[in-house]
Amino acid sequence: MRCQYACGTNEHGVSRRAFLGGAAGAGLAALTSPLAAKELSSKQKRVLVVWLSGGVSQLETWDPKPGTVTGGPFRAIPTSVPGIYISELLPKTAKWMHKLALVRGINTKEDDHGKGAYIMHTGRRQEPANSFPHLGSVCSKLLTTDANPLPGYLNIVPGGGGQSAADAAYLGPRFGSVGIGEGKAPANLDRPGSINNDLDQQRHMLRQAANERFLARRRSAMTEAYTQTYDQARLLMEKKSLFNIDSEAVPVGDRYGRHDFGRHCLLARRLLEGGATFVKVTHTNYDTHHENFDFHIEQLSEFDKPFSNLLEELDDRGMLESTLIMVKSEFGRTPNINRNYGRDHWSRAWSVALGGCGLKPGAVVGKTNATGTAVVDREVDGGHLFHTYLRALGFDSKRNFYVDQRPMPMADPKGAAIEEILA
Amino acid sequence: MSQQEKKGKELPKKDAPKKEEPKKAPPPPPPYPGLDPAQARMAKEFKHSAPMLACRFTPSGKFLYTSGQDNTLQRWELASGKKTDLAGHSSWVRALAFQPKGPLLISGGYDGQVFTWNAESPDPIPLRQVLAHQGWVRGLDVDATGNLAASCGNDGKVCLWNLPALTPDKSWQAHEKHAYQVLFHPSGKELVSVDLMGNTRVWDLAGKMLREGEAKALHKYDAGFGADIGGARAIAFSPDGNSIVLAGITNVSNAFAGVGNPILVVLDWATLKVKETLQSKEKFQGTMWGVAWHKAGFLAATAGGNGGMLWFFKPGAPNEFASLKLPDNARDLALHPEGKSLAIPFYGSTARIYDLTPKS
């Protein structure tokens, strides 16, 4: 469903302010109590998603099966939580397991990259007649204040792109993702040297006047987003230093690593610390149909150090309790090892790692069988996870958004939160 | 007119002109006495319960050793097919080497460990073991004296070990990336190591680098996937020791799907310059996983990818002179010490012996 809030009313959705103010008339008061609202307003909640693009192997990460026919060559190592073992490819992350939680019983029944990603971003399966907002867009809407100079959904990707208004679906394009390609600040944040403050202000007023004239006749979600983007860009210009990771001390950058993912994790920390609501960092690529094991060594060694360092820095800054962490992919990989030492797409039994805000640290829920081919305990899907994310952030995931007075459940009504890992 | 006249008069046979017999080219002398790779055929097969990884014959030629994805080694008595399983490693083993005159087998695993075994004993058990590398052991060799072993691995190090005690002799950081292969030169005075990037380095036995080359064809950084692919998957010296051949994958267009072609890169030992590259006539998608340089002068190489292939190359010719389609993905290759057969371990949990002699 497309955003239709060009009707000129505000009932189409709820800003964070309205949300906290108890806009119950619009059916959007997802917060459970004024106390919770106060808590939220005093302590911003944030989300960090580390997206392991292509489908990381659960057997080489969170649910190893060493010594079995499907286990591959890697061993399992103990973590900081007694009794929890993960792959030897994650030695540094293993030391932070007491701050993480594992969901080992995921069955999303979708082995296609695009469709699997959609499930993991929206908590729903794709439908011909409906599209649903990504978690980043939902968080942008629910958690980002209008005064926040940073876009609500920041998407750090290697290469270009990462920007999609469509991610917001019916919430409207202003809540879409803003791409931070190559970890570089959005283009043109510097005001041309020939324009001074006065001139800039005059320019802005002229644009505003033109906008208002235009909007009086042709108000739409797209035009609102356009206007809002300009306003936000003005604010963002003052925050451009956040994107300058070179301003960090050399040892700080060294700890993250100088490769793309290391630099992007450092940028994510700076953005979260600078007030960003939702930051997604993509690490590519894990689609290892060929030589899965060599490539997982290569990719996970690049993941392990910066990710664990990011956890450490968020913890040091007291931000971990208010930052929901997710490490996920579009699906896992086959327990079967193919003839080219590869693993193929596998959505029937796989894992994600979560942590931080609203979750029980060190928890594990779900179990797969001895060879990892099936879930044998506490099977969950993308819908369960989406409910869990919202609950961990303090929202009632059973509530609705309203679009033209039509209720749109925030999360798949067929699902429910994974209570076992909620704090 | 009589019937005979209609047909024309038949001349007496003795007066008929002799038909020119097409001159038959004399059969070429067998290029490799006692061998005909063009007639290579499967002679025996040994079935295991897990996909196989590597293989080597014992110097006596009595046994074939293989390794499997179940972390075990298997010993097969060639005459009887009798199988003995060897347990010890806690991960896959892709590096096997023998003392030239026996009796030690050295095995290197993805558990970072090197083991020694008595290869000919009735029931081999680990004699010594050592944590040799941080990460996988990828390559192993034993020098001509049988007193020194070399290993390399994902830590980029080359380590030398005294045999039979398996005590450390020397080790050094030979590569920045994963070291894939290590091999003693037949002279015994030098050794060579090759890494993921195709960097090829020659060392003296004290760990001093003597020269360096690179087999660029064996490496690619796949920007789409953000990963390196390459390295020498197998390595061998020419019988005269003047050349070295590296096996791998080239022309990679999609690293994570294995879209590329098997290749052999032959380097001049003295300079480490590329002398030639050898590839199959028909494009095959996959990786060259095994190579051996026969003392008769030809190379045998095997690939896995879209199925399996066995090719025979002559140095100086860019393509194979003989080939055999294999039933499955091949993962290594070993020549029998007598040179009349070779062994290939397969993904399909089977090792097969191929006879290289002419059919009787």
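The values are calculated or read from the model by the stated rules, or taken from the named source; none is laboratory data. All values reported here derive from a predicted model rather than from experimental measurement. Positions of Cβ are generated from backbone atoms using ideal geometry, with glycine treated the same way; all protein chains shown enter the neighbour counts.
Go through the residues of segment B:316-329 one by one and say whether even a single one is out of contact with any Gly (no Cβ under 6 Å at 6 or more places or on another chain) and under 18 Å from B:L96 (Cα atoms). So far as segment B:316-329 goes, no, none of its residues is out of contact with any Gly (no Cβ under 6 Å at 6 or more places or on another chain) and under 18 Å from B:L96 (Cα atoms). Here A:P409 meets the list (1) within 23 Å of A:G172 (Cβ to Cβ); (2) in contact with a strand residue (DSSP E or B) (Cβ under 8 Å, 6 or more places away or on another chain); (3) crowded, with 24+ Cβ neighbours inside 10 Å; (4) not β-branched (V, I, T) almost entirely, failing just condition (3). Whether a residue is buried (at least 16 other Cβ atoms within 10 Å of the Cβ), over 18 Å from the mean Cα position of the chain (by Cα) and away from every other protein chain (no Cβ under 14 Å) was assessed, and B:E212 does not pass this test. For segment A:203-229, give me each residue that is exposed (fewer than 12 other Cβ atoms within 10 Å of the Cβ) and not basic (K, R). If the condition is that a residue be exposed (fewer than 12 other Cβ atoms within 10 Å of the Cβ) and not basic (K, R), then A:M205, A:L206, A:A209, A:A210, A:E212, A:A216 are the ones that fit. Checking the condition acidic (D, E), out of contact with any helix residue (DSSP H, G or I) (no Cβ under 9 Å at 6 or more places or on another chain) and surrounded by 21 or more Cβ atoms within 10 Å (Cβ to Cβ), which residue from B:D204, B:D195 passes? Unique residue meeting the criteria: B:D195. So is B:V265 more than 13 Å from every other protein chain (Cβ to nearest Cβ) and within 22 Å of the chain's Cα centre (by Cα) or not? Taking the combined requirement at face value, the residue satisfies it.
Being buried (at least 19 other Cβ atoms within 10 Å of the Cβ) and farther than 30 Å from B:R233 by Cα: is that true of A:F295 here? The answer is no for A:F295.
Entry remark, segment B:215-257: residues being in contact with a Ser or Thr (Cβ under 8 Å, 6 or more places away or on another chain), at the interface with chain A (Cβ under 10 Å from one of its Cβ atoms) and modelled with pLDDT of 95 or more number 1 in total.
Evaluation of B:V182 against the conditions (1) within 14 Å of chain A (Cβ to nearest Cβ); (2) touching a Ser or Thr at 6+ places or on another chain (Cβ under 6 Å); (3) buried (at least 24 other Cβ atoms within 10 Å of the Cβ) shows that the sole unmet condition is (1).
All told, B:N319 falls short of being within 14 Å of chain A (Cβ to nearest Cβ) and either among the polar types (S, T, N, Q) or over 22 Å from B:Q69 (Cα atoms) (or both). The lone criterion from (1) more than 14 Å from chain B (Cβ to nearest Cβ); (2) buried (at least 24 other Cβ atoms within 10 Å of the Cβ) left unmet by A:F303 is number (1). Taking residues in segment A:356-373 that are free of Cβ contacts under 8 Å to residues at least 40 places away in the same chain, and partners anywhere that are surrounded by 24 or more Cβ atoms within 10 Å (Cβ to Cβ), the pairs with Cβ atoms closer than 9 Å and at least 6 places apart or on different chains are A:N369/A:A349.
Would you pick out the residues in segment B:283-321 that are at pLDDT 95 or above, closer than 24 Å to A:H289 by Cα and not in a strand (DSSP E or B)? Across segment B:283-321, the qualifying residues are B:F284, B:Q285. Given the structure, is A:H296 at pLDDT 95 or above and either more than 14 Å from chain B (Cβ to nearest Cβ) or assigned to a helix (DSSP H, G or I) (or both)? So A:H296 passes the test.
Quick check, is A:W51 touching a strand residue (DSSP E or B) at 6+ places or on another chain (Cβ under 9 Å), buried (at least 24 other Cβ atoms within 10 Å of the Cβ) and not small (G, A, S)? Judged against the criteria, A:W51 is not a match. Residues that are within 20 Å of A:N369 (Cα to Cα), touching a residue at least 60 places away in the same chain (Cβ under 8 Å) and away from chain B (no Cβ under 14 Å) number at least 1 in none of the strands (runs of 3 or more DSSP E) confined to segment A:44-96. Here A:A169 meets each of (1) assigned to a helix (DSSP H, G or I); (2) surrounded by 19 or more Cβ atoms within 10 Å (Cβ to Cβ); (3) on the phi < 0 side of the Ramachandran plot with one exception, condition (3). For B:W161, the conditions (1) farther than 24 Å from B:A247 by Cβ; (2) buried (at least 23 other Cβ atoms within 10 Å of the Cβ); (3) in contact (Cβ under 8 Å) with a residue 60 or more places away in the chain are fulfilled apart from (3). If the condition is being within 20 Å of B:A317 (Cβ to Cβ) and of a type in the set (S, T, Y), then segment B:238-267 contributes B:S238, B:S243, B:T250.
Residue count for segment A:277-292, restricted to those that are more than 8 Å from chain B (Cβ to nearest Cβ) and either more than 30 Å from A:P151 (Cβ to Cβ) or free of Cβ contacts under 8 Å to residues at least 40 places away in the same chain (or both): 1. For segment B:279-290, does any single residue satisfy the condition of being among the basic types (K, R), farther than 27 Å from B:S187 by Cβ and surrounded by fewer than 16 Cβ atoms within 10 Å (Cβ to Cβ)? Yes, that holds for at least one residue.
I'd like to check something: does segment A:308-316 contain any residue that is more than 30 Å from B:K177 (Cβ to Cβ), touching a residue at least 12 places away in the same chain (Cβ under 8 Å) and touching a Leu at 6+ places or on another chain (Cβ under 9 Å)? So far as segment A:308-316 goes, yes, one or more of its residues are more than 30 Å from B:K177 (Cβ to Cβ), touching a residue at least 12 places away in the same chain (Cβ under 8 Å) and touching a Leu at 6+ places or on another chain (Cβ under 9 Å). Out of all the residues in segment A:183-204, is one or more in contact with a strand residue (DSSP E or B) (Cβ under 7 Å, 6 or more places away or on another chain), away from chain B (no Cβ under 14 Å), touching a residue at least 12 places away in the same chain (Cβ under 8 Å) and hydrophobic (A, V, I, L, M, F, W, C)? No, the conditions are met nowhere in segment A:183-204.
Scanning segment B:152-169 for residues that are assigned to a strand (DSSP E or B), away from chain A (no Cβ under 14 Å) and more than 14 Å from B:E190 (Cα to Cα) yields a total of 7.
In segment B:108-139, of all residues being hydroxyl-bearing (S, T, Y) and either without any contact (Cβ under 8 Å) to a residue 24 or more places away in the chain or farther than 20 Å from A:D294 by Cβ (or both), the one that is farthest from the other protein chains (Cβ to nearest Cβ) corresponds to B:S121. The one condition from (1) touching a Pro at 6+ places or on another chain (Cβ under 9 Å); (2) away from chain A (no Cβ under 14 Å); (3) more than 28 Å from B:A79 (Cα to Cα); (4) crowded, with 21+ Cβ neighbours inside 10 Å that B:K275 does not meet is (4). Restricting to segment B:322-352, and then to whatever is polar (S, T, N, Q) and outside any strand (DSSP E or B), can you tell me which residue is farthest from the other protein chains (Cβ to nearest Cβ)? By that ranking, first place goes to B:S349.
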